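Quick notes on the structure that follows.
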Amino acid sequence: MLIGILSLGPKLYTTRRLVEAGRKLSHKVRIINTLACDLYVERGKPTIAYRGKPLKVPDVILPRIGASITQYGLTVVNQFDMMDVPVVNNSVPIARARDKLRSLQLLARFDLDVPKTLITRRGDDLDSCVERLGGYPVIMKILQGTQGVGVMIAQSRTEAASVLDAMWELGQDIMLQEFIRESKGKDVRALVVGDQVVAAMSRVAQRGEFRSNIHRGAKGKALKLDAAYTEAAIKAARVMGLEIAGVDLLLGKHGPKLMEVNSSPGLEGLEAATGRDIATDMMAHVVAFAEARQRGWQKQRLI
Ligand SMILES: Nc1ncnc2c1ncn2[C@@H]1O[C@H](COP(=O)(O)OP(=O)(O)O)[C@@H](O)[C@H]1O
Ligand SMILES: [Mg+2]
């Protein structure tokens with residue numbers, strides 16, 4: 001099978017590991033630079049040119065779309081989908097996952113526990129909003145942030161109001177969220193592949209830091225997940241429509257609270273913490289997904 005990985009960074013850890021794993025499984029793997037794809041939209045025959053020349057169309061696409069090119073990246077993913085190439089993950093679930101509030105709306109709707117969250121455009125309502133979240137401190141987040149950038153904590157009304165003013169002035173929406181005290185500085189990352197959690201780790205923040213992102217210096221440690229956490233992670237991925245998902249959960253007093261779902265989860269922290277070859281699990285699933293789709297299409301054609 002020819003597997004195409006959409007990525008801007010052939011040297012990035014996760015991309016390198018996925019290429020290695022695909023080859024180990026005896027497949028051809030090609031890195032496709034997302035921004036080198038020209039997309040032709042014509043009646044009945046969507047086409048992609050690569051660096052101006054016809055592209056050898058892969059049997060399956062694994063997108064690794066960074067936050068810097070979400071829009072173009074999603075368009076490229078969708079073009080492959082329109083060409084009937086299986087894509088893992090597809091563009092609509094990726095778009096959902098890129099917006100934290102949109103994700104939480106969906107997760108909460110399907111009865112998953114999430115930190116109480118709200119969004120407003122009225123400064124006058126700040127007090128009633130914060131009261132509903134259980135008072136200060138509150139977490140404030142931009143909807144599209146990653147790696148901990150854009151996540152703030154406000155200890156008082158003055159702090160919260162000044163953040164709101166600044167963000168609104170910049171034309172930026174910001175959500176307010178209940179601070180889960182008992183999980184301060186720690187959370188859980190579960191990697192869901194298909195309908196299984198293939199690896200998990202706990203992350204503990206650096207001293208003096210409330211954000212437990214590996215990029216903010218947090219340390220990861222392999223973790224055997226409780227059933228409640230495993231079930232919540234798998235359900236979250238399913239509700240979002242993601243075949244592959246890095247699900248982040250806070251450790252609530254009464255069980256897991258879904259915080260966010262990442263559609264292009266990195267492997268570096270998780271492979272370091274667990275010492276396992278998780279790239280191969282991921283690639284094996286990509287291949288199985290493509291094979292199932294091919295079988296499905298053959299059946300359709302017979303009908
Ligand atoms: N409601 C919350 N309560 C406690 N800690 C939080 C809360 N929201 C975020 N955090 C901390 O901040 C980190 C980053 O938040 P997150 O929403 O995952 O943003 P990012 O996408 O930038 O990683 C989390 O890993 C967690 O440690
Ligand atoms: Mg996060």
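The values are calculated or read from the model by the stated rules, or taken from the named source; none is laboratory data. None of the values given here were measured: they were computed from a predicted structure. So basically every Cβ, Gly included, is an ideal-geometry build from the backbone, and we count neighbours across all protein chains shown.
Restricting segment 243-274 to residues that are assigned to a loop (DSSP other than H, G, I, E, B) and within 15 Å of ligand 2 (Cβ to nearest atom), which is surrounded by the most Cβ atoms within 10 Å (Cβ to Cβ)?
Ranking the candidates gives Ser263 first.
Which members of segment 218-232 meet the condition of being in contact with a Lys or Arg (Cβ under 9 Å, 6 or more places away or on another chain) and either crowded, with 18+ Cβ neighbours inside 10 Å or modelled with pLDDT under 95 (or both)?
Ala218, Gly220, Ala232
Name the pairs whose Cβ atoms lie under 7 Å apart, with the first residue in segment 143-159 and more than 14 Å from Gln172 (Cα to Cα) and modelled with pLDDT of 95 or more, the second near ligand 1 (Cβ under 6 Å from one of its atoms) and not in a loop (DSSP other than H, G, I, E, B), and 6 or more positions between them or separate chains?
Close Cβ pairs satisfying both conditions: Ile153/Ile139.
Give me a count of the residues in segment 42-76 that are hydroxyl-bearing (Ser, Thr, Tyr) and over 19 Å from the mean Cα position of the chain (by Cα).
The qualifying residues number 2.
(1) within 25 Å of Arg64 (Cβ to Cβ); (2) more than 15 Å from ligand 1 (Cβ to nearest atom); (3) not hydrophobic (A, V, I, L, M, F, W, C): which one isn't true of Asp226, the others all being true?
(1)
Anything in segment 12-27 that is in a loop (DSSP other than H, G, I, E, B) and over 16 Å from Gly269 (Cα atoms)? List them, or say none.
Within segment 12-27, Leu25, Ser26, His27 qualify.
Of the numbered conditions (1) in the same structural domain as Ile174 (by TED's automatic domain parsing); (2) closer than 30 Å to Gly252 by Cβ, Thr70 fails exactly one; give the number of that condition.
All conditions are met except number (1).
For the list (1) out of contact with any Cys (no Cβ under 8 Å at 6 or more places or on another chain); (2) part of a strand (DSSP E or B), I need the number of the one condition that Ala236 fails.
Unmet condition: (2).
Output the number of residues of segment 203-217 satisfying the condition of being within 13 Å of ligand 2 (Cβ to nearest atom), farther than 20 Å from Ala245 by Cα and at pLDDT below 95.
Residues meeting the conditions: 1.
Specify the residue that is farthest from ligand 1 (Cβ to nearest atom); the eligible residues are those in segment 168-197 that are under 21 Å from the mean Cα position of the chain (by Cα) and at positive phi.
Filtering segment 168-197 for residues that are under 21 Å from the mean Cα position of the chain (by Cα) and at positive phi, the one farthest from ligand 1 (Cβ to nearest atom) comes out as Gly194.
What's the number of the condition His215 fails, among (1) within 13 Å of ligand 1 (Cβ to nearest atom); (2) over 18 Å from the mean Cα position of the chain (by Cα); (3) under 21 Å from Thr15 (Cβ atoms); (4) not charged (D, E, K, R)?
It fails just one condition, (2).
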